[in-house]
Structure formats: structure tokens, C-alpha cells
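Take a look at the structure below.
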Amino acid sequence: MKGLSIPIAFLIFFIILIVILIPTLIIFNQLGYYSSQGRVQGSVYVQQQEQQNIQIYKGNPRIYYNSSTSPYLLFNYTSIPAPLNITEIYYYNGSMWVPVLHGSIVISENAKYPLPPSAFNKPVIIVTSLGNIYYLPPNTSVV
Amino acid sequence: MPSEITSEIILITLVVVLGLAVAGFSFAFLVPQIAFSNAQNLAENIASSSSISVGPLLINSSNAGSFVVMLYNPAFNGTAYVLAFAAPSYLEPSAGVYTPSTLQPFTVYWPNGSKASAVQISSPIYDVSGKILYSGHVTLYKVNFNTPLTIVINNVNSNDIVIIWFIVNEGGYLFRIGYTYTGVPTT
């Protein structure tokens, strides 16, 4: 009977190994794998946003906000037009940002977009489809 | 002969008790751990593929600030929760680890002008590494990804920054998948 206790002890160790150690190792090894998947994908979106920032800061298109009594946004391309998809335009009415657009507009050539007269002398922001936000105080362009 | 039976019974009882203890431990500790870890993986995945854009904070004479914020992730169409709170501007470098001490009332509006629905939360909010960031009663607003949001927050002044948290619910756990902050523009 004494000889049997050693194999039983080994069996118990084996069970503990399977039941505790292996799931624990699996749990703590998965996190890095999953998060790197998201990071690879996310870096593509961020690159697209940066690309758009570079285009706009270099004036392609140059966005000018003329804040007269009939305010408008002026889009001027200086080289080959890079389409700019604007999903929302807001102006600040003195207490909150008010949306102007209902639906999106695509700017692909020199264009002039009129804003409501209530935007006169108020700051404006432009939200693009790539998730960039550009801030335009009255009579300035994006820099 | 009886002593052999006794030792055998002791051995068998010991093995059974040990087996039950191991199974009990794995069900009580490892199973919730696996569930939490899975939720954390999903949240981490959303967090690392999303980006947040924010516009400037403008404050009117009655100390109500307003800004536009957008949680951008073209591959994800779910809902998130948003929390906004003010902090002194000297805390700007540590905006990622600052947790609210006093919460200002705030409201979130959709692009069509209607108000987003508010949710009362009292379960803890984790960061994506699984640590508890904030636990306490808090009001969040339910919003969509890829939608610009107008937020109006009361009781802020021009020395403040507003910190915005985006939170997702994965498997019943709340994870902060991203944060950003905004302040009053200098020009």
C-alpha cells in the first residue's frame, strides 16, 4: 500500500497543473495578442487622419471663414484636389455649439459654402468624415 | 487489516477533498477571471483602434462651457458612454490618470439637436489594463461611435480644462476606452 502514495501524489500534482496553471497562462498570454490586433488597425485610421491634416495645413484645400453679415466658408485648392468630406459644421451661438449641416457635403473643387446669418462674428468648427475637427475663429483660415 | 482500511479511507478522503478544493477554486476565481479578462481584451481592442477628436472649449458669462467631441472608429458601430468633468488646467499633463473629485452637471446633444439619454452608473469603471479607475455613483450619457457630439458642461471657468472619458460596457464591466481633454483657445 505504501508504494501507491507516490503515483497518487503525482496524479494530484498533474490535476493541479491542468486545472490551475494552464488556464492562468492562457489568460495572461492573450491580452497582448488581442490588443496588438486593434493597434494595427487603429494606426491605419490615424494615418488617414494625419494625411488629411497635412493636406489641409498645407492649403489643399485652403479653408477660409469669412464672417460678414452673410457668412460663408471658402474652399480654395492650390494643387490637385483632395476630396474633403465634411460631416458637420458647428457655430458657437454664445452658449453652445449649434450644428448647421443636415447630411454631409463633399468638397472636391473650389467652392463657397454659405452659413446661416446667425453665425456672423461667431467661431465655427468643421468636422470631417475622418474624425478631424478644425477650429475657425471669425475671418481666419485653418493653419 | 483494519489499519490498512483506515489509511486507505484517509487517502481517498484526502484526494476527494483536494479535488473539490481545486474545482471550487477554479470555479470561484478562475471563471470570473476568464470572463473579466475576455471583456478586457475586447475593450482593449476597441480602445487601441479608436481615436478621439475634440474641438475647443468656449465658456459663456454664466460659466457654461460647450465643445464638440467625436469618438472615431470606422470598424465599430456600437454604443459608448461619455463622461465629462472639469479639472484645473495645471493638471493637463496628468489628464490620463486624473479621476473626478467633484462632478459638474453636463448634457450631451446629438447632431440633430436632441438630447442623448442619460444613464445612472454605480459599478466601477476600469481602465483597459483592468485596474479600477473610478468607483462611485455617476451619470453617463449613451452615445454612438462616429457621431459628433455637442457637450454643454456647467460650472467651469477659463482656468479649467474639461476631461472627457469614453466608456464601453463589455460583458457587464465598464471600461474607459479613451480620454481626451480640451481647454479655452488662446486666440
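The values are calculated or read from the model by the stated rules, or taken from the named source; none is laboratory data. Worth saying up front: this structure is predicted, and the values here are computed from it rather than measured. For neighbour counting, all protein chains shown are included, and Cβ atoms are generated from backbone atoms with ideal geometry for every residue, glycine included.
Here B:Ser26 fits the description: surrounded by 14 or more Cβ atoms within 10 Å (Cβ to Cβ), touching a helix residue (DSSP H, G or I) at 6+ places or on another chain (Cβ under 6 Å), within 11 Å of another protein chain (Cβ to nearest Cβ) and not in a loop (DSSP other than H, G, I, E, B). For the stretch B:63-79, state whether one or more residues are under 30 Å from A:Thr128 (Cβ atoms) and without any contact (Cβ under 8 Å) to a residue 24 or more places away in the chain. No, that holds for no residue. Please find, within the stretch B:144-161, the residue that is surrounded by the fewest Cβ atoms within 10 Å (Cβ to Cβ) out of those that are more than 14 Å from chain A (Cβ to nearest Cβ) and in a strand (DSSP E or B). Looking at the filtered set, the residue picked out is B:Ile161.
Tell me whether the stretch A:31-45 contains one or more residues that are surrounded by 15 or more Cβ atoms within 10 Å (Cβ to Cβ) and in contact (Cβ under 8 Å) with a residue 24 or more places away in the chain. Yes, some residue in the stretch A:31-45 is surrounded by 15 or more Cβ atoms within 10 Å (Cβ to Cβ) and in contact (Cβ under 8 Å) with a residue 24 or more places away in the chain. The set of residues in the stretch A:72-95 being closer than 18 Å to A:Ser141 by Cα, modelled with pLDDT of 90 or more and of a type in the set (Val, Ile, Thr) consists of A:Ile86, A:Ile89.
In the set (1) touching a Phe, Trp or Tyr at 6+ places or on another chain (Cβ under 6 Å); (2) within 23 Å of A:Ser95 (Cβ to Cβ); (3) not hydrophobic (A, V, I, L, M, F, W, C), the condition left unmet by B:Pro148 is number (1).
Assess whether B:Thr139 counts as being within 26 Å of B:Gly113 (Cα to Cα) and free of Cβ contacts under 8 Å to residues at least 60 places away in the same chain.
In short, yes.
Filtered by the rule that a residue be of a type in the set (Phe, Trp, Tyr) and in contact with a Lys or Arg (Cβ under 6 Å, 6 or more places away or on another chain), the stretch B:115-173 gives a lone residue, B:Trp165. Scanning the stretch B:1-13 for residues being more than 9 Å from chain A (Cβ to nearest Cβ), assigned to a helix (DSSP H, G or I) and of a type outside the set (Ser, Thr, Tyr) gives a total of 5. Looking at the stretch A:25-143, the strands (runs of 3 or more DSSP E) lying wholly inside it that each contain 2 or more residues that are at negative phi and facing another protein chain (nearest Cβ under 10 Å) sit at A:84-92, A:97-99, A:124-128, A:133-136.
Within the stretch B:29-50, the set of residues being out of contact with any helix residue (DSSP H, G or I) (no Cβ under 7 Å at 6 or more places or on another chain), of a type outside the set (Val, Ile, Thr) and free of Cβ contacts under 8 Å to residues at least 40 places away in the same chain comprises B:Phe29, B:Pro32.
Would you check if B:Leu140 is in a strand (DSSP E or B), within 13 Å of the chain's Cα centre (by Cα), modelled with pLDDT of 90 or more and closer than 16 Å to B:Val69 by Cβ? Yes: the conditions hold for B:Leu140.
Where strands (runs of 3 or more DSSP E) sit wholly within the stretch B:30-135, those with at least 1 residues that are within 11 Å of chain A (Cβ to nearest Cβ) and surrounded by 14 or more Cβ atoms within 10 Å (Cβ to Cβ) occupy B:51-54, B:65-72, B:106-109. Remark: pairs (first residue in the stretch A:82-102, under 17 Å from B:Val54 (Cβ atoms); second residue acidic (Asp, Glu); Cβ separation under 9 Å; 6+ apart in sequence or on different chains) = A:Pro99/A:Glu88.
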